[in-house]
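Visitor: Here it is: the structure, laid out below.
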Amino acid sequence: MRFTKKKIDYRNRIVALDIEATGNHYNSDVIQFSMINENRKQLFNVYTCPISFPIGYLKRLLKKSCMVNHITYEKIAGRKPLFFYKESIQKYLNNADVIVGFSIHNDIRWLNKNGIHIANNKTIIDVQRVIKVYSYLQKKQTDWDKLYSLAKCAEYCGFSPEKNKLPLHNSLGDAEATLYCYEYLQSRQLDLSVGRTDSEGKPLMRKEDIDKNIEFLKRYSNVLKDFSCLDQAKPTINDLSDNEVPDLEFAL
């Protein structure tokens, strides 16, 4: 009997993606990657093992990062690195209309490290930035640099990880929460272009642009709920790693 390889349709209107990594420092790498489409279909959900680190050093990184994402060395040992899947991931990104993420510049940095790139002409939306802009409009925050965690944004938009059986700080759960928040904000008829980024995840709309259009955007921000639940931040992997640049350890 002759078997033919199943043909995959890489076209999706929206893809939401998320990455769990060994940290947020310059030499961190991917340990889980997930991507879903607008119908909640899993396009990817893989645990990966970076090969750029000595085993002893990788174990040291994971000992810290697993406090947040619960991914241990035993969970990824023997897995393939992310770049093994780059051809398929690239096809999904190339054929998507909209790419959605949360603090997506970090995800793009890790994708690029593994040879995966998003084209310049793609619509990329950072949900974290959308929330930030509309919170700024409603509360007249003086701290423009303030960022919110995905857990707080999910709570604000009414997403329940327990109900969906997808925990946060797992890239599949985070992709699901990010897509939910994107759809919630879109349903409020907000101008989501305030969260657009370039192919490196850098925002296309600056604070000056927001201030210039503040009255127009503010009319839409009035349909949002109160932002008080966003005030209390919980520790994230970024909090554990941002201020640390660990020394490389080459002991195996």
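The values are calculated or read from the model by the stated rules, or taken from the named source; none is laboratory data. Note that the structure is a prediction, hence the values are computed from the model and not measured. FYI the Cβ positions are ideal-geometry reconstructions off the backbone, even for glycines, and counts take in every protein chain you see. Side chains included, ligands, DNA and RNA excluded: accessible areas come from the protein's heavy atoms. Shrake-Rupley method; radii C 1.70, N 1.55, O 1.52, S 1.80 Å.
Visitor: Enumerate the residues in the range 68-98 having an amide nitrogen under 19 Å from the point lying 7 Å beyond the Cα of ALA119 toward its Cβ.
Guide: 86-98
Visitor: When the accessible area of the chain is split by element with a 1.4 Å probe, what percent falls to carbon and sulfur?
Guide: The nonpolar share, carbon plus sulfur, comes to 50 percent.
Visitor: Report, in degrees rounded to the nearest 10, the 0 to 90 angle that the Cα long axis of helix 55-69 makes with the longest principal axis of the chain.
Guide: Once rounded, the angle reads 40 degrees.
Visitor: Using only Cα atoms, find the angle between the long axis of helix 104-113 and the longest principal axis of the chain, and express it within 0 to 90 degrees, rounded to the nearest 10.
Guide: Helix 104-113 sits at roughly 30 degrees to that axis.
Visitor: For the chain, what does the accessible surface come to per residue with a 1.4 Å probe? Please give it in Å².
Guide: For the chain, the solvent-accessible area averages 53 Å² per residue.
Visitor: From the backbone phi of the range 174-182, what are the Karplus-calculated ³J(HN,Hα) couplings (6.51 cos²θ - 1.76 cosθ + 1.60, θ = phi - 60°) in whole Hz, Gly and Pro given as x?
Guide: Whole-Hz 3J(HN,Hα) from phi for the range 174-182: 5, 5, 5, 5, 5, 5, 4, 5, 4.
Visitor: Sticking with this structure for a sec: May I ask you to evaluate 6.51 cos²θ - 1.76 cosθ + 1.60, the Karplus curve with θ = phi - 60°, for each residue of the range 76-82 and list the ³J(HN,Hα) values in order in whole Hz, giving x for glycine and proline?
Guide: Karplus values, whole Hz, x for Gly and Pro: 10, 4, x, 6, 7, x, 4.
Visitor: Okay, moving on. If N is the number of residues in the chain, what value comes out of its Cα radius of gyration divided by 2.2 N^0.38 Å?
Guide: 1.04
Visitor: Can you check what the net charge comes to around VAL223, using other residues whose Cβ is under 13 Å from the Cβ of VAL223 (Lys, Arg +1; Asp, Glu -1)?
Guide: Here the charged neighbours net out to +2.
Visitor: Let me ask something else about it. What FRET efficiency do you get for SER88 and ILE214 if R0 is 30 Å and r is their Cβ-Cβ distance, rounded to the nearest 0.05?
Guide: 0.10
Visitor: Just to be sure I follow the definition: excluding the sites themselves, where is the longest run in the chain that has none of the GluC sites (Glu not before Pro) in a DSSP loop with at most 15 other Cβ atoms within 10 Å?
Guide: Value returned for the longest uninterrupted segment is 1-199.
Visitor: I would also like to ask the following. Run the 1.4 Å probe and let me know the accessible area of ILE55, rounded to the nearest 10 Å².
Guide: Result for ILE55: roughly 80 Å² accessible.
Visitor: Could you list which residues have their amide H under 5 Å from that of ILE14, counting only those 5 or more apart in sequence or on another chain, with H placed in the peptide plane?
Guide: Answer set, sorted by chain and number: GLU38, ASP97, VAL98.
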